[in-house]
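Notes follow the structure.
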Amino acid sequence: MARIFVEGWDPDYGTPLDQDDALSPAEGSVDTSVETDDWAPIEGCDDGVDRIAFVDGVRRIDARLTLDDPEQGPTPGLVGTFAVGAVVWDRETRRSEVTDVRIERWAVLAGGSGEQMPAVDLEPGVSTTRAPGDDPNLLTMALHSKMRDAEGECAESLSAECAVVADGPLKKIREHATVGYVKTHRVTYVEPPLGGVIAELAPGQRSPMFCIAAQTPYARYSWYLRLAMLQGGHSWTGIVRCETSGHLARDEASAIADRTAAVLPLVASEPHVDPRAPQNLVPIGALERELRHRMGDRGLVYRALRHAVMKPEIQQEAS
């Protein structure tokens, strides 16, 4: 019999089980036999990797714009800031540092008009890009896409020197060992009865790997693991999904999966510290706070934007 549970996440952050898509089946092919046909929980194995980088990004909307054309009518836009970076965890010295921080500001204008955001007295300044339509969601998605591209470049750069865990699904599927770390489940990749193995996972265990979009350029290995079982939790409490490039050798991908199952529970957050515990990992939570600080004061950014667009009027009145 099904039971009712209260999710542990702060409601402002949604839920680990996304209810908008009702966990609909994944589109495209999923091969559940890439590692084994005998599905059962697998114990994680720490291979002792000495450094792990956790990559993430944050964004915000600084101002809404209106492009006022007396003939064509008003069209919307926005100005947003994003920051991406990494926390590199040196496991031998037990020290972590924030590195590779990148901050950008973008004016996103709807449609194909040629206007540019005037120069703004900010560092960094504001670049201009366009969204394909005037739907407010498309404007936000354009900014989000810029941030995700920057996250992917940061992860790929760091993967040459250490293990990398990037928050969110992989943006670019290339042959490097970056792990995409997915906190929210929107679709089901493994159907019953194999899917029942996910509910059986104990902290430190993972599911066998499966391959998403197998035999395509977008192929990626994926697996579920449990970070922790919180008091009062349900069968998917503390479950996250990880993925890595499907272009890696299978044994290499298995070793990466084993490592994540053993190591990530060590950095899972606690409910009294993080409103998205245990899924929002401690290094990622710390990185998010640092990145938000480095984006600068929103009020100062807003006033600089207002001054930039009003500057011609101010100069005309002065003359």
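Observations
- If the segment from residue 153 to residue 68 were pulled out straight at 0.36 nm per residue, it would be longer than the present Cα-Cα gap by 27.0 nm.
- Rolling a 1.4 Å probe across all protein chains gives residue 91 an accessible area of roughly 50 Å².
- Rounded FRET efficiency, nearest 0.05, which uses the C-beta distance separating residue 98 from residue 251 and R0 of 45 Å: 0.85
- Calculated over the range 67-162, the projected area of the Cα convex hull averaged across directions stands at 7.9 nm².
- Cα centroid separation - the range 50-73 against the range 120-172, whole Å: 9 Å
- A 1.4 Å probe, protein heavy atoms only, puts the accessible area of residue 103 near 40 Å².
- FRET efficiency, residue 293 to residue 36 (Cβ-Cβ, R0 51 Å, nearest 0.05): 0.65
- Principal axes of the chain: Cα extent on each, largest first, Å: 79, 45, 40
- Neighbour net charge for residue 222 - beta-carbon separation under 12 angstrom, K R +1, D E -1: 0
- If R0 equals 22 Å, the separation of the Cβ atoms of residue 231 and residue 45 corresponds to a calculated FRET efficiency of about 0.20.
- Each distinct pair of alpha carbons in the range 174-319 adds a 1/r term; the inverse of their mean, the Kirkwood radius, is 18.1 Å.
- Cα long-axis angle, helix 136-158 against the chain (0 to 90 degrees, to the nearest 10): 60 degrees
- Of the accessible area of the chain, computed with a 1.4 Å probe over protein heavy atoms only, carbon and sulfur atoms account for 49 percent.
- Three-way shape label, the range 37-78, alpha-carbon gyration tensor, a/c 1.5: prolate
- Stretching residue 161 away from residue 199 to a fully extended chain increases their span by 10.2 nm, per 0.36 nm per residue minus the current alpha-carbon distance.
The values are calculated or read from the model by the stated rules, or taken from the named source; none is laboratory data. Fair warning: this is a prediction, and the values are worked out from it, not measured in the lab. Glycine gets a Cβ as well: all are built from the backbone with ideal geometry, and neighbour counts include every protein chain shown. Accessible surface areas use protein heavy atoms only, side chains included; no ligands, DNA or RNA. Shrake-Rupley method; radii C 1.70, N 1.55, O 1.52, S 1.80 Å.
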